[in-house]
Amino acid sequence: MVVILVVLVIITLFGLDKYTKHDEFIIVPNIKGLQEEEAAGILKSNQLTYQISDSIFLADGKPGAIIEQTPKEDLKVKKGRTIFLTVQAKEQQMVKMPSLQDYSRRQAEAQLNALGVTKITVKEAPSRYKGIVLAIEYNGKEVRADERIPKGAPLRMVIGSGGGDNENTDGETNTSTDNSFFE
């Protein structure tokens, strides 16, 4: 009975080794920094497939270049394995600006941070109410609601200083702009 059990275990292990092709593998090539078309050719010649799983925008990156690959280069894989790629986005991500006029500074900053805008400078301007958002500026120009700006772009938030009057005699709102920040 013991001999039969040992023979069955050996046959099973030998069969699994052949079935899983344990000794057959391909070394994953390094394709980081290449464009998708170049990488596709290299992977195909190595009997591997690929799938783009993510794209990221890096300010100093080359658009369309492969940033990361999984599994990593020089690992052993079976032929036909899918290599997952993270590529550099071709364009910077744009975000749609919400209407922040008349919000408190804290609320406006929270909404901008949620959109990925973290470079915010604050400028005070005369107004009736203290701490209220009068305008949001990008490159020295006021940003309107639903306008698209690059994610992470530096913005200037014009905040009311209180105690003043932001109404002209003709009903226009004064939001003075200091463009020295963007020069």
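The values are calculated or read from the model by the stated rules, or taken from the named source; none is laboratory data. This structure is a prediction, so every number in the text was calculated from the model and none was measured. Don't worry about glycine lacking a Cβ; one is built from the backbone with ideal geometry, like all the others, and counts go over all protein chains shown. Side chains are part of the model used for accessible areas, which takes the heavy atoms of the whole protein and leaves out ligands, DNA and RNA. Shrake-Rupley method; radii C 1.70, N 1.55, O 1.52, S 1.80 Å.
Contact map, the stretch 1-14: residues that are on the phi > 0 side of the Ramachandran plot paired with residues that are part of a helix (DSSP H, G or I) and open to solvent by less than 100 Å² (accessible area, probe 1.4 Å), Cβ distance under 6 Å, separation 6+ or inter-chain. No pairs are found.
All of (1) buried (at least 18 other Cβ atoms within 10 Å of the Cβ); (2) touching a Lys or Arg at 6+ places or on another chain (Cβ under 9 Å); (3) under 15 Å from Ser99 (Cα atoms) hold for Gly160 with one exception: (3). Scanning the stretch 47-65 for residues that are part of a loop (DSSP other than H, G, I, E, B) and among the small types (Gly, Ala, Ser) yields Ala59, Gly61, Gly64.
Considering the conditions (1) open to solvent by less than 90 Å² (accessible area, probe 1.4 Å); (2) farther than 19 Å from Met157 by Cβ; (3) of a type in the set (A, V, I, L, M, F, W, C); (4) modelled with pLDDT under 90, Phe84 is excluded by exactly one of them, (4). Could you go through the stretch 18-26 and let me know if any residue there is at pLDDT 90 or above, in contact with a strand residue (DSSP E or B) (Cβ under 6 Å, 6 or more places away or on another chain) and farther than 30 Å from Ala153 by Cα. No - not one qualifying residue is present in the stretch 18-26. Just to be sure before I move on: is Ile26 in contact with a helix residue (DSSP H, G or I) (Cβ under 7 Å, 6 or more places away or on another chain), open to solvent by less than 60 Å² (accessible area, probe 1.4 Å) and on the phi < 0 side of the Ramachandran plot in the structure I sent? Answer is no for this residue. Looking across the stretch 52-61, just one residue is out of contact with any strand residue (DSSP E or B) (no Cβ under 6 Å at 6 or more places or on another chain) and surrounded by 13 or more Cβ atoms within 10 Å (Cβ to Cβ), and that is Phe57. Do any residues in the stretch 23-35 that are free of Cβ contacts under 8 Å to residues at least 40 places away in the same chain have Cβ atoms under 8 Å from those of residues that are open to solvent by 40 Å² or more (accessible area, probe 1.4 Å) and assigned to a loop (DSSP other than H, G, I, E, B), where the two are at least six apart or on different chains, and which pairs are they? What qualifies is Gly33/Lys62. Out of everything in the stretch 30-46 that is open to solvent by 60 Å² or more (accessible area, probe 1.4 Å) and assigned to a loop (DSSP other than H, G, I, E, B), what residue ends up being farthest from Thr86 (Cα to Cα)? The selected residue is Asn30. Inspect all residues belonging to the stretch 93-101 and state whether any of them is assigned to a loop (DSSP other than H, G, I, E, B), open to solvent by 80 Å² or more (accessible area, probe 1.4 Å) and closer than 30 Å to Ala145 by Cβ. Looking through the stretch 93-101, at least one residue is assigned to a loop (DSSP other than H, G, I, E, B), open to solvent by 80 Å² or more (accessible area, probe 1.4 Å) and closer than 30 Å to Ala145 by Cβ. Residue count for the stretch 102-141 satisfying the condition of being part of a loop (DSSP other than H, G, I, E, B) and closer than 16 Å to Gly160 by Cβ: 6.
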